[in-house]
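Bear in mind these aren't lab numbers, they're just calculated from the coordinates by the rules spelled out. Note that the coordinates shown come from a computational prediction; the quantities given were computed from them, not determined experimentally. Neighbour counts run over all protein chains shown; Cβ positions are idealised from the backbone, glycine included.
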Amino acid sequence: MFVKEATVVILVVAFFSVALAENNSDFYYSKGDSTKMTPQEIIIAKEKAILDRWITGDTFGFIEAAAEEITYFDPGLEKRCTGKKEFYDWIAPFNGTFSFPNYEFIDPQVQMHGDVGVLTFNFIGFMQDGSKEYFNTTEVYRLIDGDWKLISSHWSQTKPKR
């Protein structure tokens, strides 16, 4: 009888240890394949995946990543987009209307503040005609229901001295 009770206790302790370790998103996040990534790594990987879609003209990566409360600025807007519907209405019509050969994602940095990560980076888009477009970018992600969602996005065009 003692062996059965001890086995049950060991199994319960093991279960809760695994559950607590998997739910500790302050330090690591499991992608379900035994690969552990920090929140900073996840945010950067998510942004790169969105940008990889963007250069093909697929605007829905940004839409899918957006939280309901997203705020968005870019050089083509006179005022901020507020909320996912406004963001969708602005971004969706561009889907499939452009593409460019490549981009550079320069010096990404994520500053963590609890369940919020502020990603800043420089972006260079290489255009079909050989020209380049330069942006300073700030993307704010928040952990919502286990997924890092974009809650604020700001793209500022710049012309750096190079």
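Observations on the model:
- Footprinting exposure proxy for 84, 79 (fewest neighbouring C-beta atoms within 10 Å first): 79, 84
- Net dipole in debye of the range 45-143 [+1 Lys, Arg Cβ; -1 Asp, Glu Cβ; about Cα centre; nearest 20]: 80
- Computed E for residue 69/residue 157 - FRET, C-beta separation, R0 35 angstrom, nearest 0.05: 0.90
- Among 90, 54, a tally of other beta-carbon atoms within 10 Å of each Cβ gives an order, fewest to most, of 90, 54.
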